[in-house]
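Comments concern the structure below.
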Amino acid sequence: ISTVSVIGEQINGLNGYDPQLSEFADITRVVSSITGAALSDVHTDFLVYEQKHNLYPVGVGLFSGVLTYDGIHPCRSPYSCPVDSLGNVLLANSISKGLIQALLK
């Protein structure tokens, strides 16, 4: 099972949907815990990355362009989305952690 990623890349809870996405992610974590399903915590992985790397403007960060081209899709451009783009790599790594967790159960 996987948490949602982000809608907007700004840090410190400044994106409009941050409260709802955090609530959905929390619910997903509870479901994973109750059912014993492996968890890919994409939401946390994206937030942690943005907090460390989306630094300008200071205290705010960019809405898009670090991991996504539009604040949602993990690519840097709607016209060219290489598999090795940073957003896709982070997403793949996050999902891989959940798959490994599932295989080790």
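Kindly sort Tyr17, Tyr56, Tyr79, Tyr69 by accessible area of their heavy atoms, largest first, with the probe set to 1.4 Å.
Heavy-atom accessible area, descending, gives Tyr79, Tyr56, Tyr17, Tyr69.
Non-local amide H neighbours of Ser2 (under 5 Å, H modeled in plane, Pro and chain starts lacking H): which ones?
Residues meeting the amide H criterion: Ser40.
Can you compute the helix-only [θ] at 222 nm over the chain? Use -39500 (n - 2.57) per DSSP H run of at least 4 residues, normalise by all residues, nearest 500 deg cm²/dmol.
Estimated from H runs of four or more residues: -15500 deg cm²/dmol.
Which value in nm describes the separation of the simple spin-label points at Ile95 and Gln20, placed 7 Å from the Cα toward the beta carbon?
Result for the modelled spin labels: 2.4 nm.
Which helices pass in the chain if a helix is a full DSSP H run, must span at least 15 angstrom along its long axis by Cα, and must have mean Kyte-Doolittle hydropathy not below 1.0?
86-104
The values are calculated or read from the model by the stated rules, or taken from the named source; none is laboratory data. Bear in mind that the values here come from a model prediction, so they are computed numbers and not experimental data. Neighbour counts run over all protein chains shown; Cβ positions are idealised from the backbone, glycine included. Quick note on the areas: whole protein, heavy atoms, side chains included, nothing else; ligands and nucleic acids left out. Shrake-Rupley method; radii C 1.70, N 1.55, O 1.52, S 1.80 Å.
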